[in-house]
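One structure below.
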Amino acid sequence: MSASAFTFDHVHLVSADPHAAAAWYEEHFGAEITADTMARGAPQIFLSLGGAVLLIRGERPGETPKPAPGFQDRGDFSSHNRWGVDHFGFLYEGDLAAFCAKLEADGVQLSVPLKSGVGGLKLCFVEGPDGVNIELMQRCSSLS
């Protein structure tokens, strides 16, 4: 089987408050809620964001999800290594420095401030709802 047999479909997040989490992605990233449903006894919300689908669901009957460690519990960026999904990232088309400043003004925590990355990227990490680690990147040649 070749890789061309696969098409990326979605990122599935489990949230203590899925409606609040969906509203956060709407407010701060401009995501659009495309469906707000119930599945297996829990809210299940679909968002469209940058060509990706975020599926955010709540706690199902009989589940006891464990909270993700917050950034304050992870230490500095170099110690974020852990098994499983570490983060997901979005390429930002625009002035990432201005966008980061707006996020911070809105009270969003940047766990890794805007910095130069590999290959001429600007990047930062944002703490999303439920301890979700989100990387924002901008292609450019230098930090301005």
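Please specify each residue of segment 38-64 satisfying the condition of being exposed (fewer than 11 other Cβ atoms within 10 Å of the Cβ) and either within 28 Å of TYR92 (Cα to Cα) or of a type in the set (Ser, Thr, Tyr) (or both).
Within segment 38-64, GLY51, THR64 meet the criteria.
Could you check how many residues of segment 9-41 are within 19 Å of LEU136 (Cα to Cα) and either without any contact (Cβ under 8 Å) to a residue 24 or more places away in the chain or aromatic (Phe, Trp, Tyr) (or both)?
8
Among the residues of segment 110-129, write down those that are under 20 Å from LEU49 (Cα atoms) and open to solvent by 30 Å² or more (accessible area, probe 1.4 Å).
Within segment 110-129, just GLU127 meets the criteria.
For segment 130-144, what are the residues that are open to solvent by 50 Å² or more (accessible area, probe 1.4 Å) and farther than 25 Å from ALA68 by Cβ?
If the condition is that a residue be open to solvent by 50 Å² or more (accessible area, probe 1.4 Å) and farther than 25 Å from ALA68 by Cβ, then ARG139, SER141, SER142, LEU143, SER144 are the ones that fit.
Kindly indicate whether any position in segment 91-102 is touching a strand residue (DSSP E or B) at 6+ places or on another chain (Cβ under 6 Å), under 23 Å from ALA21 (Cβ atoms) and assigned to a strand (DSSP E or B).
Taking every residue of segment 91-102 in turn, at least one turns out to be touching a strand residue (DSSP E or B) at 6+ places or on another chain (Cβ under 6 Å), under 23 Å from ALA21 (Cβ atoms) and assigned to a strand (DSSP E or B).
Do we have any residue at all in segment 65-87 that's open to solvent by 30 Å² or more (accessible area, probe 1.4 Å), modelled with pLDDT of 90 or more and closer than 15 Å to GLY131 by Cα?
The answer is no; no qualifying residue exists.
The values are calculated or read from the model by the stated rules, or taken from the named source; none is laboratory data. On a predicted model such as this, the values are computed, not experimentally measured, just so you know. Note that each Cβ is placed from the backbone with ideal geometry, even for glycine, and that neighbours are counted across all protein chains shown. The protein model used for the area step is the full one, side chains on, heavy atoms only, and it has no ligands, DNA or RNA in it. Shrake-Rupley method; radii C 1.70, N 1.55, O 1.52, S 1.80 Å.
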